[in-house]
Amino acid sequence: MIESATFDKVIEVIKNSTSALVTAHTRPDGDACGSVRTMCEILRFQGKKAHPIFMSPLPQWYEFMFEEKVSILGNDITEEQLHGGHFDECDLVIIVDTNSYVQLPVFDEWLKTNKKTVLVIDHHITGDGLGDIELIDPDAAAAGEIVFDLINHAGWKITQVIAESLFIAIATDSGWFKFSNADSRIFRSAAELIDAGASPPQIYRKLYQNVSPARMRLMIRMLNNLELIDDSKIAVQCIMRKDFDETGASGPDTENLIDECQKIGSVEAALLFVELADGGFRCSLRSKGKVDVQKIASKHGGGGHKMASGVNLKGPYENAKNLIVEAISNQLSGKDK
Ligand SMILES: [Mn+2]
């Protein structure tokens with residue numbers, strides 16, 4: 001529970017600001033996007049400037065949430081550009097859904113060197129204490145829940161955009177109300193947001209029933225190539241250049257495709273090899289917990305974390321595949337602990 005006085009302080013800080021930079025953790029999810037969008041809406045509604053900025057691109061299905069093209073650090077703006085222009089003019093930095101430097105690559109350096117007021121809104125237990133003022137509630141199912149509490153505390157208007165953005169934040173962070181964090185509080189919030197204009201079927205359609213025929217054809221190809229190895233514990237998939245050419249799909253269409261084969265019960269680790277223009281392969285690795293894929297990726301110059309990593313490998317395909325499959329096999333059999 002966040003104390004009423006803390007909410008009051010945050011409301012005061014927002015009231016006294018004129019221009020804010022609003023951001024969230026790298027590889028933004030629905031909670032990050034929904035909470036950033038909502039904070040921008042709150043600020044703009046009060047006549048203030050709000051600049052959303054992300055550390056890495058939004059998944060395509062969240063792009064509709066922003067009317068403007070949002071700035072991606074490293075893509076649209078460099079670290080040097082952060083130190084000038086409208087980003088540097090802001091007097092408030094709002095960080096949502098994280099409180100950790102490692103989740104804010106490149107941005108963390110800028111954050112450390114300036115003296116702007118920083119407001120953190122987060123629901124994770126661990127954090128680096130980035131904020132001068134922080135709204136932290138580990139019992140909240142999503143950062144969006146805390147933003148919603150703030151709005152209710154302040155008595156701010158819940159616009160259509162806010163209702164939809166916060167619904168996306170809480171729905172996605174709770175796996176559409178089926179994870180263990182889907183408590184009665186989140187259902188109450190959902191009900192209030194629906195009353196304020198959020199439409200679950202419309203949101204669901206925009207998020208999950210909106211892929212292009214090309215992406216679907218690419219997924220069919222990928223699933224057709226599925227190989228199950230080691231008693232179906234390792235799932236191996238590949239997408240070649242010709243698959244892109246013949247389906248009309250492009251690089252971003254591979255987003256999240258690796259998750260499909262993890263629906264197979266026996267699968268402990270999943271691999272997706274995507275052929276690159278130079279004949280090499282981008283290999284994405286996923287684990288359900290028994291395999292440390294980060295260890296394998298980092299050995300070949302890649303990175304990530306224990307459950308999700310990526311690495312670039314040289315071709316030909318059979319060599320790249322055998323290298324990674326053997327490493328996973330060794331972990332599963334206990335040869336490599
Ligand atoms: Mn979250």
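The values are calculated or read from the model by the stated rules, or taken from the named source; none is laboratory data. None of the values given here were measured: they were computed from a predicted structure. As a convention, Cβ positions derive from the backbone with ideal geometry for all residues, glycine included, and neighbour counts pool all protein chains shown. For accessibility, only protein heavy atoms count, side chains too; no ligands or nucleic acids. Shrake-Rupley method; radii C 1.70, N 1.55, O 1.52, S 1.80 Å.
FRET efficiency for the N225 to K157 pair, using the beta carbon distance and R₀ = 56 Å, is estimated at 0.65.
In the chain, inverting the average of 1/r over every pair of distinct C-alpha atoms gives 21.6 Å as the Kirkwood radius. Based on DSSP H segments of at least four residues, each scored -39500 (n - 2.57), the chain has a per-residue ellipticity at 222 nm of -12000 deg cm²/dmol.
Lys/Arg Cβ at +1, Asp/Glu Cβ at -1, dipole of segment 214-333 taken about the Cα centre: which of N312, V291, T254 is farthest positive-ward? Farthest along the dipole direction, towards plus: V291.
Accessible area per residue was computed with a 1.4 Å probe on protein heavy atoms; V118 scores about 10 Å².
Each of R27 and K306 was given a label point 7 Å from its Cα along the Cα-to-Cβ line. The distance between the two points is 1.5 nm. Note on segment 4-208: with charges restricted to the Cβ of Lys and Arg (+1) and Asp and Glu (-1), its dipole about the Cα centre is near 460 debye. Per-residue 3J(HN,Hα) values for segment 264-277, derived from phi via the Karplus relation 6.51 cos²θ - 1.76 cosθ + 1.60 with θ = phi - 60°, read 6, x, 6, 5, 9, 9, 10, 10, 10, 9, 10, 5, 9, 4 Hz in sequence order (x marks Gly and Pro). For the pair K335 and S298, a Förster radius of 25 Å applied to the C-beta separation gives a FRET efficiency near 0.85, rounded to the nearest 0.05.
Computed from backbone phi with θ = phi - 60° and the Karplus coefficients 6.51, -1.76 and 1.60, the 3J(HN,Hα) list for segment 63-75 is 4, 5, 5, 10, 6, 8, 6, 7, 7, 10, 5, x, 9 Hz; x is used for glycine and proline.
Taking all protein chains together and rolling a 1.4 Å probe, Y204 ends up with roughly 100 Å² accessible.
Computed from Cα positions, the angle between helix 143-154 and the longest principal axis of the chain comes to roughly 10 degrees. With the simple model of a label 7 Å out from the Cα in the direction of the Cβ, E318 to A277 spans 2.8 nm.
Considering only the chain, what is the antiparallel percent among its DSSP beta bridges, to the nearest 5?
Numbers: 19 of 47 bridges.
Here the share of antiparallel DSSP bridges comes out near 40 percent.
Taking all Cα pairs closer than 8 Å and separated by 6 or more residues, the relative contact order of the chain comes to 12 percent.
Between R205 and N75, the simple spin-label model (points 7 angstrom out along Cα→Cβ) gives 2.7 nm. Below 19 Å, Cα to Cα, which aspartates and glutamates can K157 reach? Residues fewer than 8 away in the same chain don't count. Within the straight-line limit of under 19 Å, K157 reaches these aspartates and glutamates: D8, E12, E41, E145, D149, E192, D195. Relative to the longest principal axis of the Cα atoms of the chain, the long axis of helix 30-45 makes an angle of roughly 30 degrees. Helix 317-333 axis versus longest C-alpha principal axis of the chain: approximately 80°, rounded to the nearest ten.
Quick one: net charge around L58, please, counting Lys, Arg +1 and Asp, Glu -1 for every other residue with C-beta under 14 Å from its C-beta. So the surrounding residues net to -4. Between D108 and S184, take the C-beta separation as r, use R0 = 22 Å, and let me know the FRET efficiency to the nearest 0.05. That pair, D108 with S184, gives E of 0.05. Summing +1 for each Lys or Arg and -1 for each Asp or Glu among the other residues whose beta-carbon sits under 12 angstrom from that of R188 gives -4.
Please work out how much length the chain gains when fully extended from Y101 to K15, using 0.36 nm per residue of separation minus the C-alpha to C-alpha distance, in nm with one decimal. Walk me through the numbers before you get to the answer.
Values: separation 86, 0.36 × 86 = 30.96 nm, distance 2.66 nm.
This chain segment gains 28.3 nm when fully extended.
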